[in-house]
Amino acid sequence: MRLYPTFFKLAFSWMDAERAHTLGFKGIRLAHASGAGRLLHKLTAPAPSLQTTAFGVTFPSPFGLAAGFDKEGHGIEALTELGFGHVEVGTITGQAQPGNEKPRLFRLVQDRAVINRMGFNNDGAAAVAPRLKSARAALQRRYPGVRPVIGVNIGKTKAVELADAVDDYRVSARTLAPAADYLVVNVSSPNTPGLRLLQDVETLRPLLTAVREEADRAAGRHVPLLVKIAPDLSDEDIDDVARLALDLKLDGIIATNTTIARTGLTSPAGQVEECGAGGLSGAPLKKRSLEVLRRLKDATGGSLTLVAVGGVEDARDVQERLDAGATLVQGYTAFLYEGPFWAARINRRLARNRKA
């Protein structure tokens, strides 16, 4: 299983990062379509001891796949066969959009990091919703007990003005909530102009209120609602978001999205500069994302579900975040470097730790 880093170096490291991602994802989906994924899952399924309950939903494992890998719900079943306890789909917008111009995804291999400026490229809420519904039904049939969980991450359509953002998010909530186990409002990507301005609590309050009302009405049930924040917020702003989440009785906060910072990198400065603008994810985000998590834990007093993401590479990182106050942990960038058995390795180590 540890052969993958060598395979990555030979097969993918020289290739355009977005093309490599597309080919790798197609391989995962092909394994599912051929039936190999179902056999594989007998080896990758999380141990029962890892079952975790968050906002009233039971997860097979506390470790899941963050938004960004499966942007449009094409491979949910396939990804759960690799051992992820949940898959967060998205970011999805109210209208279909192509995203930013290519190239828009870059690796910093020395830092085990990625810079992206994808720009919420996706087919739009109306196209993605049937895929979510189909995947959810399939998972319910296959796992009559505790099944993998589907999260849905929604963002603002680029062409929509900030003044009309609430209505745009309403469209996504109304369309996608019926098939979602939980919903995430993304106001923290650096790749949609002006989006991060929505993290201001005075703007965020009416947005979250509207999304919650629309989601619950459309689904005919309470759909757990979380907000995803940036690591670049000041400590005071983090506290403000925590107070707002408590006041609105949100179900949780996801900390954190990618960063616009470029500090502490070992990759040559020229290579980093060549990548250009975008959000940085991966190992360099580890320290700050953990700081934000701990601050949120102190600010919320354990009253909200905290989902940790950012720089998570192995079971030690997952456990450190669980110990720091997270109920769920997500990863993404290390998946690109560690390969398809990454989640299974993390789950096995977590299960062994719980037996010890």
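The values are calculated or read from the model by the stated rules, or taken from the named source; none is laboratory data. What you are looking at is a predicted structure, and each value in this text was computed from that prediction instead of being measured. All Cβ positions, glycine included, derive from the backbone under ideal geometry; neighbour counts span all protein chains shown. Just the protein is used for accessible areas: all its heavy atoms, side chains included, with ligands, DNA and RNA removed. Shrake-Rupley method; radii C 1.70, N 1.55, O 1.52, S 1.80 Å.
Look at E88 and say whether it is closer than 25 Å to R349 by Cα and assigned to a helix (DSSP H, G or I).
When the stated conditions are applied, E88 does not pass them.
Conditions (1) without any contact (Cβ under 8 Å) to a residue 60 or more places away in the chain; (2) of a type in the set (A, V, I, L, M), marked per residue:
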| residue | (1), (2) |
| --- | --- |
| A245 | yes, yes |
| L250 | yes, yes |
| G279 | no, no |
| K286 | yes, no |
| L293 | yes, yes |
| A299 | no, yes |
| R352 | yes, no |
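Can you tell me which of L244, L290, L233 is surrounded by 17 or more Cβ atoms within 10 Å (Cβ to Cβ) and at pLDDT 95 or above? Before the answer, list the steps.
Values: L244 fails: at pLDDT 95 or above; L233 fails: at pLDDT 95 or above.
Of L244, L290, L233, the one residue that is surrounded by 17 or more Cβ atoms within 10 Å (Cβ to Cβ) and at pLDDT 95 or above is L290.
State whether the residues of segment 135-144 include one that is part of a loop (DSSP other than H, G, I, E, B) and closer than 25 Å to V187 by Cα.
No, every residue in segment 135-144 fails to be part of a loop (DSSP other than H, G, I, E, B) and closer than 25 Å to V187 by Cα.
Restricting attention to segment 11-36, which residues are open to solvent by less than 80 Å² (accessible area, probe 1.4 Å) and hydroxyl-bearing (S, T, Y)?
S13, T22
Given the conditions (1) open to solvent by 50 Å² or more (accessible area, probe 1.4 Å); (2) closer than 19 Å to H74 by Cβ, which single one is not true for R170?
So R170 meets the others, but not (2).
I'm checking my understanding of the structure. Among residues of segment 299-326 that are open to solvent by 40 Å² or more (accessible area, probe 1.4 Å) and at pLDDT 95 or above, which one is nearest to H21 (Cα to Cα)?
Step by step, filter segment 299-326, then rank; the result is D314.
Name the residue that is modelled with the highest pLDDT, counting only residues in segment 37-61 that are in a helix (DSSP H, G or I) and open to solvent by less than 50 Å² (accessible area, probe 1.4 Å).
Per the criteria, the residue is L50.
Of I260, I254, which residue is among the β-branched types (V, I, T), in contact (Cβ under 8 Å) with a residue 60 or more places away in the chain and surrounded by fewer than 22 Cβ atoms within 10 Å (Cβ to Cβ)?
Exactly one of I260, I254 is among the β-branched types (V, I, T), in contact (Cβ under 8 Å) with a residue 60 or more places away in the chain and surrounded by fewer than 22 Cβ atoms within 10 Å (Cβ to Cβ), namely I260.
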